[in-house]
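Each reported figure results from applying straightforward, stated rules to the coordinates on display, with no laboratory input. Fair warning: this is a prediction, and the values are worked out from it, not measured in the lab. We place every Cβ from the backbone using ideal geometry, glycine too, and count neighbours over all the protein chains shown.
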Amino acid sequence: MASAKDFSAADVHVHPSGKWLYGSNRGHNSIVIYAIDATTGKLTLVGHETRSIDRPRNFHVDPSGKLLLVANQNAGTVTVFRIDQATGKLEMLGAPTPSGARPSFVGVLMLPGN
């Protein structure tokens with residue numbers, strides 16, 4: 001386990017629906033998931049996703065809100081998760097994809113007509 005000085009956040013995103021907030025935790029090697037109360041904006045912890053996450057440098061929620069991709073800085077991979085539309089929890093889709101050394105960005109490009 002990393003020491004406390006090795007723990008840091010790298011990225012924070014709100015789901016397109018406004019229902020969930022996701023944040024990357026380096027050192028803890030996780031994506032934290034919070035539910036956002038629609039009336040008050042209060043955050044409630046849903047949980048932490050840790051499967052195949054290794055020093056998450058950047059992550060991206062696709063515009064449809066169905067997928068979350070994580071760039072794993074130490075592993076040289078990208079892990080893809082399906083977002084449960086009822087709970088905001090993440091379901092890993094297959095094995096992580098090799099990306100080259102120390103990826104620092106991941107994103108989704110939506111092409112016209114697709």
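Things to note:
- Each residue in segment 37-53 was checked for being within 20 Å of residue 91 (Cβ to Cβ) and in contact with a Leu (Cβ under 7 Å, 6 or more places away or on another chain), and 1 pass.
- Summed over segment 56-114, residues that are touching a strand residue (DSSP E or B) at 6+ places or on another chain (Cβ under 8 Å) and on the phi > 0 side of the Ramachandran plot total 5.
- Lone qualifier among 81, 59 - being aromatic (Phe, Trp, Tyr) and farther than 17 Å from residue 8 by Cα: 81
- Filtered by the rule that a residue be under 20 Å from residue 12 (Cβ atoms) and not hydroxyl-bearing (Ser, Thr, Tyr), segment 86-108 gives 88, 89, 90, 103, 105, 106, 107, 108.
- Sole residue being in contact (Cβ under 8 Å) with a residue 24 or more places away in the chain and in contact with a Gly (Cβ under 9 Å, 6 or more places away or on another chain), chosen from 31, 53: 31
- Pick from segment 3-28, criterion in contact with an Asp or Glu (Cβ under 9 Å, 6 or more places away or on another chain) and surrounded by fewer than 18 Cβ atoms within 10 Å (Cβ to Cβ), ranking: nearest to residue 54 (Cα to Cα): 27
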